[in-house]
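Student: Dropping a structure here in structure tokens format, bear with me for questions.
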Amino acid sequence: MMEDERIHRPRVLVVDDEEDITGVLADILEEQGYSVDEASDGDEAWELAQKDPYDVVVTDLKMPRMGGLELLREIRKANHPSIVIMMTGFATVETAIEALKIGAYDYILKPFKVGELLQVVNRAVEKIRLEAENLHLREQLTLLQLSEAVSSSLSLDEVLRIVVEAACREVGADAVELWFRPPKEAGFTRRLGLGPNGDETPLLAAPDRLEALLGAKPHLQVQGEELASLLTEQGRGRMHTLLSVPLRRGGQVLGLLNAYSRRKRAPFRPREEKALIVLGDRAAASLENALLYADLENTFRETIQGLALAIETKDAYTHGHSENVTRLAVAAAREMGLDEAFCQTLRQAGLLHDIGKIGIASSILNKPGRLTPEEYEIIKGHPAMGKRILEPISFLRDVVPIVYHHHERFDGKGYPEGLAGEEIPLASRVMAVADTYDAMTSDRAYRKGLSHDVAVAELERCAGTQFDPA
């Protein structure tokens with residue numbers, strides 16, 4: 001049953017072995033807008049409650065077969081959300097305390113005025129309404145956090161952890177696993193498995209048996225032998241119920257969100273099933289975004305490699321130079337403790353730092369001897385040409401200033417802008433060191449490359465003038 005339905009027409013079960021009492025109470029409660037069922041003892045009441053738990057159960061204490069306390073124990077053992085109100089003409093302090101300890105909401109003595117009972121039932125229903133509102137607010141907060149995570153720069157692993165932690169919390173599961181099935185591939189990979197305390201769980205489901213869960217729409221609850229056939233040996237001994245939600249997106253199943261419970265009876269309520277479906281939808285959106293991003297990244301990488309190849313085709317000297325500069329610059333950045341996003345941008349800039357040479361005549365680029373001053377001035381134009389080539393490409397926007405300024409000097413005597421010190425982008429300063437080292441150690445038509453030690457000594461000598469001394 002949906003939460004709003006429970007609020008608008010609460011369901012009440014009245015249990016007493018005296019038919020005239022159940023009849024009168026049922027009539028009064030129905031006049032107040034409640035949906036009421038009647039039962040003559042605990043056994044009959046429990047049979048009705050198992051089919052669909054009630055919002056409120058008003059039960060006599062002493063009855064034939066199953067009494068009120070036993071009924072209360074069964075309701076609590078099954079983890080039903082029902083609020084139980086006890087009524088009796090044989091009250092003692094001990095029975096009242098016992099009923100409250102087991103989980104009774106209130107205790108009414110017979111004979112009672114109708115107004116007393118209505119007051120207690122109304123209070124119980126108001127409690128349900130407030131809990132439902134609180135639950136709704138918590139769900140909205142969780143979904144807001146998930147939406148922010150999905151739309152922010154968080155990694156896929158971080159988003160999926162938020163989903164799994166939220167599933168443990170909102171569904172009341174003893175463990176949750178998130179399984180991923182890459183498109184056009186067979187089989188599942190477990191991305192994450194957590195318990196209520198955030199600890200990683202052992203493998204519960206057997207990866208090669210999960211295909212059986214893919215037909216679930218929108219979810220599937222599995223127990224008994226069917227569940228045992230899906231679990232690993234460790235899982236069989238630990239879990240007794242599985243609630244599985246396929247992660248569907250664009251007509252394909254990207255994975256599964258599996259919630260496990262150690263309970264056999266009423267392990268997951270309808271609200272919890274709904275919560276897992278919503279969380280599964282968020283997880284599917286995150287996986288789809290990750291796949292789209294991976295495709296975009298592959299296209300991006302191929303574009304950069306194509307541009308880098310265009311440089312090498314134009315200038316024989318640059319063969320391998322861009323890769324060398326990239327490798328050295330990224331290694332230096334990591335040694336400096338710079339983050340992965342910085343290193344990724346630096347990697348792209350390294351491959352493209354000489355892209356502007358495409359606009360320079362091959363006769364100058366491949367000249368076997370030293371360049372004339374005029375030719376050198378033309379060569380010095382390649383950072384500006386690189387900027388013009390890369391600026392229209394939106395996904396290379398962060399790369400442009402690195403490429404444009406990689407020939408600046410720390411003392412302000414470089415080109416194209418003559419920037420000095422920290423005016424020069426940090427990535428350009430790192431790139432300048434890597435670029436110069438590779439140029440010094442590479443063979444040219446008119447000279448042999450320098451040794452590593454000589455090149456390093458030259459870099460150290462120029463620290464503070466050509467290069468950042470830090």
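The values are calculated or read from the model by the stated rules, or taken from the named source; none is laboratory data. Since the structure is predicted, the reported quantities are computational estimates derived from the model, not experimental observations. Neighbour counts are summed over all protein chains in view; Cβ atoms, including those assigned to glycine, are modelled from backbone coordinates with ideal geometry.
Student: Test residue 232 against the criterion of being more than 20 Å from residue 207 (Cβ to Cβ) and among the hydroxyl-bearing types (Ser, Thr, Tyr), and give yes or no.
Tutor: The answer is no for residue 232.
Student: Go through the range 218-234 and report how many residues are under 20 Å from residue 268 (Cα atoms) and not in a loop (DSSP other than H, G, I, E, B).
Tutor: Qualifying residue count for the region: 10.
Student: Sticking with this structure for a sec: Mind checking which residues of the range 295-331 are surrounded by 15 or more Cβ atoms within 10 Å (Cβ to Cβ) and among the acidic types (Asp, Glu)?
Tutor: Once the filter is applied, which keeps residues that are surrounded by 15 or more Cβ atoms within 10 Å (Cβ to Cβ) and among the acidic types (Asp, Glu), the range 295-331 yields 312, 315, 323.
Student: If I go through the range 259-288 residue by residue, how many of them are part of a strand (DSSP E or B) and in contact with a helix residue (DSSP H, G or I) (Cβ under 8 Å, 6 or more places away or on another chain)?
Tutor: The qualifying residues number 2.
Student: Please count how many residues of the range 443-470 are surrounded by fewer than 11 Cβ atoms within 10 Å (Cβ to Cβ), touching a residue at least 40 places away in the same chain (Cβ under 8 Å) and either in contact with a helix residue (DSSP H, G or I) (Cβ under 7 Å, 6 or more places away or on another chain) or not assigned by TED's automatic domain parsing to the domain that holds residue 371 (or both).
Tutor: Qualifying residue count for the region: 1.
Here is a yes/no grid of residues against (1) assigned by TED's automatic domain parsing to the domain that holds residue 263; (2) touching a helix residue (DSSP H, G or I) at 6+ places or on another chain (Cβ under 9 Å); (3) without any contact (Cβ under 8 Å) to a residue 60 or more places away in the chain:
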{"position": "74", "(1), (2), (3)": "no, yes, yes"}
{"position": "77", "(1), (2), (3)": "no, no, no"}
{"position": "80", "(1), (2), (3)": "no, yes, no"}
{"position": "83", "(1), (2), (3)": "no, yes, yes"}
{"position": "89", "(1), (2), (3)": "no, no, yes"}
{"position": "95", "(1), (2), (3)": "no, yes, yes"}
{"position": "107", "(1), (2), (3)": "no, yes, yes"}
{"position": "111", "(1), (2), (3)": "no, no, yes"}
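Student: Which of (1) more than 30 Å from residue 299 (Cβ to Cβ); (2) surrounded by fewer than 20 Cβ atoms within 10 Å (Cβ to Cβ); (3) among the charged types (D, E, K, R) does residue 398 not meet, given it meets every other one?
Tutor: Evaluating residue 398 over (1) more than 30 Å from residue 299 (Cβ to Cβ); (2) surrounded by fewer than 20 Cβ atoms within 10 Å (Cβ to Cβ); (3) among the charged types (D, E, K, R) leaves (1) as the failure.
Student: Applying the selection to the range 253-275, what residues are among the small types (Gly, Ala, Ser) and either over 17 Å from residue 217 (Cα atoms) or in the same structural domain as residue 51 (by TED's automatic domain parsing) (or both)?
Tutor: 261, 266
Student: Which of the residues that make up the range 196-212 are in a helix (DSSP H, G or I) and exposed (fewer than 12 other Cβ atoms within 10 Å of the Cβ)?
Tutor: Within the range 196-212, just 208 meets the criteria.
Student: Considering only residues that are of a type in the set (A, V, I, L, M) and modelled with pLDDT of 80 or more, look in the range 89-106 and name the one that is farthest from residue 72 (Cα to Cα).
Tutor: 97
Student: Based on this model, can you work out whether residue 334 counts as surrounded by fewer than 15 Cβ atoms within 10 Å (Cβ to Cβ), charged (D, E, K, R) and either within 30 Å of residue 422 (Cα to Cα) or in contact (Cβ under 8 Å) with a residue 24 or more places away in the chain (or both)?
Tutor: yes
Student: Let me ask another. Among the residues of the range 415-435, how many are within 23 Å of residue 450 (Cα to Cα) and out of contact with any helix residue (DSSP H, G or I) (no Cβ under 7 Å at 6 or more places or on another chain)?
Tutor: 2
Student: Just one of 193, 215, 255, 237 is out of contact with any strand residue (DSSP E or B) (no Cβ under 6 Å at 6 or more places or on another chain) and not in a helix (DSSP H, G or I); which is it? It would help to see each step written out before you state the result.
Tutor: Values: 193 fails: out of contact with any strand residue (DSSP E or B) (no Cβ under 6 Å at 6 or more places or on another chain); 255 fails: out of contact with any strand residue (DSSP E or B) (no Cβ under 6 Å at 6 or more places or on another chain); 237 fails: not in a helix (DSSP H, G or I).
One residue alone meets the criteria, 215.
Student: Of all residues in the range 194-221, how many are under 12 Å from residue 257 (Cα atoms) and either without any contact (Cβ under 8 Å) to a residue 24 or more places away in the chain or of a type in the set (A, V, I, L, M) (or both)?
Tutor: 7
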